[in-house]
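Comments concern the structure below.
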Amino acid sequence: GEDVEQSLFLSVREGDSSVINCTYTDSSSTYLYWYKQEPGAGLQLLTYIFSNMDMKQDQRLTVLLNKKDKHLSLRIADTQTGDSAIYFCAEKAQNAGNMLTFGGGTRLMVKP
Amino acid sequence: NAGVTQTPKFQVLKTGQSMTLQCAQDMNHNSMYWYRQDPGMGLRLIYYSASEGTTDKGEVPNGYNVSRLNKREFSLRLESAAPSQTSVYFCASSPDGNSPLHFGNGTRLTVT
């Protein structure tokens, strides 16, 4: 079945860029998503990319997709303390119907 | 702007007890979902309802039942709770199967 992997933890200094990485195994992925989860809250959609795109930029967020290597990354420019959260990568396979497969989440800690 | 509302926020059950987790959305979405979140494992889909009147099993349906009561409401029932069902449960909705999910704030369930 599908598998989505993320590193568990990332620590950066305020003002630096953060890069959160994700790998997936299903080559039929159609959409790939990044969600943010703050303590005690649900997941909030940050951005998503269709599988025929290489890059998507939205203000401080840049998503890069390397479909050949099945690698997705989320870059946060000028990281702020308010960006501290858990970030989840998720993918939707072509024949998966409504099902998303989530990675285990990367906890981003931003130090002042 | 309530979005997706889950009740209760917290619950403690003894092994063998039953309970129903409630979820309602006010966005007129067709699809609704129940996920569980366990440390380091991301979110796993329990059941989903692509549209009113339909329900389908997800990745981890055993020990759960669901009811799509109407377009707004999608409940999750544990008939005989087990310690392995200790988790945080998230309800989500989306306009259709290809759109991003909107999440509730979760129900933290502990089974002793």
- Message: Would you confirm whether or not the range B:49-66 contains a residue that is away from every other protein chain (no Cβ under 11 Å), under 13 Å from the mean Cα position of the chain (by Cα), modelled with pLDDT of 95 or more and within 18 Å of B:Gly3 (Cβ to Cβ)?
- Response: no
- Note on the structure: Residues of the range A:45-87 being among the basic types (Lys, Arg) and open to solvent by 70 Å² or more (accessible area, probe 1.4 Å), in sequence order, are A:Arg60, A:Lys67, A:Lys68, A:Arg75
- Query: Any chance the range B:82-104 includes a residue that's without any contact (Cβ under 8 Å) to a residue 40 or more places away in the chain, open to solvent by 50 Å² or more (accessible area, probe 1.4 Å) and more than 14 Å from every other protein chain (Cβ to nearest Cβ)?
  - Reply: yes
- Taking the range A:88-112 on its own, how many of its residues are farther than 20 Å from A:Ser51 by Cα and either open to solvent by less than 10 Å² (accessible area, probe 1.4 Å) or more than 8 Å from chain B (Cβ to nearest Cβ) (or both)? 8
- Note on the structure: Of the residues in the range A:26-44 that are within 14 Å of chain B (Cβ to nearest Cβ) and open to solvent by 40 Å² or more (accessible area, probe 1.4 Å), the one that is nearest to B:Thr7 (Cα to Cα) is A:Gly40
- Kindly check whether there is at least one residue in the range B:50-63 that is under 24 Å from A:Pro39 (Cβ atoms), small (Gly, Ala, Ser) and in a loop (DSSP other than H, G, I, E, B). no
- Item | Selection from the range B:15-45 of residues that are β-branched (Val, Ile, Thr) and not in a strand (DSSP E or B) | B:Thr15
- Within the range A:1-25, tally of residues that are hydroxyl-bearing (Ser, Thr, Tyr), within 13 Å of another protein chain (Cβ to nearest Cβ) and either open to solvent by 80 Å² or more (accessible area, probe 1.4 Å) or closer than 16 Å to A:Asn66 by Cα (or both): 1
- Query: Which members of the range B:5-40 meet the condition of being open to solvent by 20 Å² or more (accessible area, probe 1.4 Å), facing chain A (nearest Cβ under 9 Å) and under 23 Å from B:Asn98 (Cα atoms)?
  - Reply: B:Gln37
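The values are calculated or read from the model by the stated rules, or taken from the named source; none is laboratory data. The shown structure was predicted, so the numbers you read here are calculated from the model rather than taken from an experiment. With ideal geometry, Cβ positions are generated from the backbone for all residues, glycine too; neighbour counts draw on all protein chains shown. Only protein heavy atoms, including side chains, enter the accessible area calculation; ligands, DNA and RNA are left aside. Shrake-Rupley method; radii C 1.70, N 1.55, O 1.52, S 1.80 Å.
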